[in-house]
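Contents: one structure, followed by commentary.
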Amino acid sequence: MGWDLLLTDCRAATMAEAEGYGVIEDAAIAIEGDRIVWIGKRADLPKQGAKETVSLGGRWVTPGLIDCHTHLVFGGERASEFEQRLKGASYEEIAKGGGGIVSTVRATRAASEAELLVAAKARLDTLMTEGLTTIEIKSGYGLNVENERKQLRVARALGPACAVTVKTTCLAAHALPPEFAGKPDAYIDLVCNEILPAIAADDLADAVDAFSERIAFTAEQTARVFDKAKSLGLPVKLHADQLSDMGGAALAARYGALSADHIEYSSEQGIAAMGEAGTVAVVLPGAFFFLREKQLPPLDALRKHGVRIAISTDCNPGSSPALSLLLMMNMACTLFRMTPAETLAGVTRHAAAALGLGATHGQLRAGYVADLVIWNIGQPAELSYWLGGNPCAGVIQAGRWRSRSLAS
Ligand code: DI6
Ligand code: FE
């Protein structure tokens, strides 16, 4: 019988090497079930039949794109805060004035599960047109047991609804809900004693995140959340040092976090600790751009200390209403001076590592899950070159065609 699917006459950017694209010219890729079982030069292809053979006409193939940090499920939008910021108000001022994250908490609590699903699915459909095959989705707009569970149930439902891999993260320690005003430690008690155990009991989260910041939680409060997550067997991630240096990078490293995200203000010491711990850095150029930040993430220190760098949309209604991962790749190049090869690794190989999926996703490699994107491009750098437009010509998700338009 042979393979289920054989792709031939393609050029593969395998992302299977520590640097560069890992290019195989004139490649063939064989798929069985949901896995890649052979990839290499077409001339070396073992003699074996396939149920379906597709010639890709010289097109490029990459691993499926992975958006490893989003707040995709939320009620409402915050365009009026955007207008306020354009008149001079800062993100922190708006948050302190009762807007910001808490205004989305009100809208998310008021929305039904069905309403949240429809709105999030529309956003996910847009992201998926560009070859997204895996997405991480955080809670953090519910901030009580019932509504954090509601958000995470919607996130879990999106996987089967859209034929995409979803990893969920409980971000109950995102902001102080209004009913706990002035009592942050009491809210952290609720997170540790009620919210996280309830989420874990229903297997609603694959990881736990927190927002360590002046307008959110201290390092000490974050550490309490992380201790609880560890005791429940859940890996941790952190919104670290986005607006000020809170020692977040070092804290994340100390807990062996999968990733520390944002990290604009992280110290070199913190970055070195991340390198030691193998914690992935997730940079979020959409939030940097949309908040008109000036402090660049410490790219040179990240490279020097061998920290893997992932890139994500941070899709959320306040600081990054971004629905294009390709545009984030461009911004990582233009704003952060990353190379196009670094940015492609940032949305494949390293994004997989940031989700604990580094052994199965994010590379074109025998044994890995067959999540592939076929592109109408002349070279991989084009993926971070265009501002808008969409060169995606086909997507294979877990070994099955999800979309294709391969007419030449
Ligand atoms: N950092 C962010 O960029 C988002 N959350 C966070 O902790 C913003 C969330 C929002 O403004 O709604
Ligand atoms: Fe975020």
Checklist entry - Counting Lys and Arg as +1 and Asp and Glu as -1, each charge on the Cβ, what is the dipole of the chain about the Cα centre in debye, to the nearest 20? => result 500
Next on the checklist: Please report Rg (one decimal) and Dmax (integer) in Å for the Cα set of region 125-233.
Outcome noted: 14.5, 44
Item to check | Farthest toward positive dipole pole in region 61-155 [+1 Lys/Arg, -1 Asp/Glu at C-beta], among 79, 68, 129 | outcome: 79
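Antiparallel versus total DSSP beta bridges in the chain: what percent is that, nearest 5? Please report the intermediate quantities before stating the final value.
On the way: 26 of 58 bridges.
Taking every DSSP beta bridge with both residues in the chain, the antiparallel ones total about 45 percent.
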Item to check | Tail weight of P(r) past 19 Å, computed on alpha-carbon pairs of region 272-408, percent | outcome: 55
Item to check | Apportionment of accessible area to carbon and sulfur, region 205-259, percent (1.4 Å) | outcome: 50
Checklist outcome for this item: Taking GluC sites (Glu not before Pro) as exposed when in a DSSP loop with at most 15 other Cβ atoms inside 10 Å, the chain has its longest clean stretch at 78-408
Item to check | Tail weight of P(r) past 11 Å, computed on alpha-carbon pairs of region 1-42, percent | outcome: 62
Checklist entry - Using alpha-carbon positions, what is the distance between the centroids of region 259-307 and region 148-166, in Å? => result 28
Next on the checklist: Quick check on region 268-321: what does the Kirkwood estimate of hydrodynamic radius come out to from the alpha carbon pairs, in Å?
Outcome noted: 11.9
Item to check | Positive minus negative residues near residue 366 (Lys, Arg vs Asp, Glu; Cβ under 11 Å) | outcome: +1
Item to check | Computed helical MRE - 222 nm, the chain, DSSP H runs ≥ 4 contributing -39500 (n - 2.57), nearest 500 | outcome: -9500 deg cm²/dmol
Item to check | Distance between region 333-355 and region 369-408 - C-alpha centres, whole angstrom | outcome: 17
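What do you get when you divide the Cα radius of gyration of region 74-196 by 2.2 N^0.38 Å, with N the number of residues? Numbers along the way, then the final one.
Values: Rg = 15.5 Å, N = 123, 2.2 N^0.38 = 13.7 Å.
So region 74-196 has a normalised radius of gyration of 1.13.
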Next on the checklist: Restricting to Cα pairs below 8 Å that are 6+ residues apart, what does the relative contact order work out to for region 65-354? Please round to a whole percent.
Outcome noted: 17
Next on the checklist: Could you tell me the center-to-center distance, by alpha carbons, between region 44-108 and region 177-234 in angstrom?
Outcome noted: 24
Item to check | Distance in nm between pseudo-label sites at residue 38 and residue 404 (7 Å out along the Cβ direction from Cα) | outcome: 1.8
Next on the checklist: What percentages make up the Cα-Cα pair-distance distribution of the chain when the bins are 10 Å wide from 0?
Outcome noted: 5, 24, 33, 24, 11, 3, 0
Next on the checklist: Starting from 0.36 nm per residue, how many nanometres of slack lie between residue 300 and residue 86 once their C-alpha separation is accounted for?
Outcome noted: 73.9 nm
Checklist entry - What is the spread of the Cα atoms of region 182-266 along each of their three principal axes, largest first, in whole Å? => result 36, 31, 17
Checklist entry - Given a 1.4 Å probe, how much area per residue of the chain is accessible, in Å²? => result 38
Checklist entry - Given the pairs 121/183; 87/294; 183/294, which span a C-alpha to C-alpha distance of over 26 angstrom in this model? => result 121/183; 183/294
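The values are calculated or read from the model by the stated rules, or taken from the named source; none is laboratory data. Predicted model only: the values in this text are computed from it and were never measured. So basically every Cβ, Gly included, is an ideal-geometry build from the backbone, and we count neighbours across all protein chains shown. Heavy atoms of the whole protein, side chains included, go into the accessibility calculation; ligands, DNA and RNA do not. Shrake-Rupley method; radii C 1.70, N 1.55, O 1.52, S 1.80 Å.
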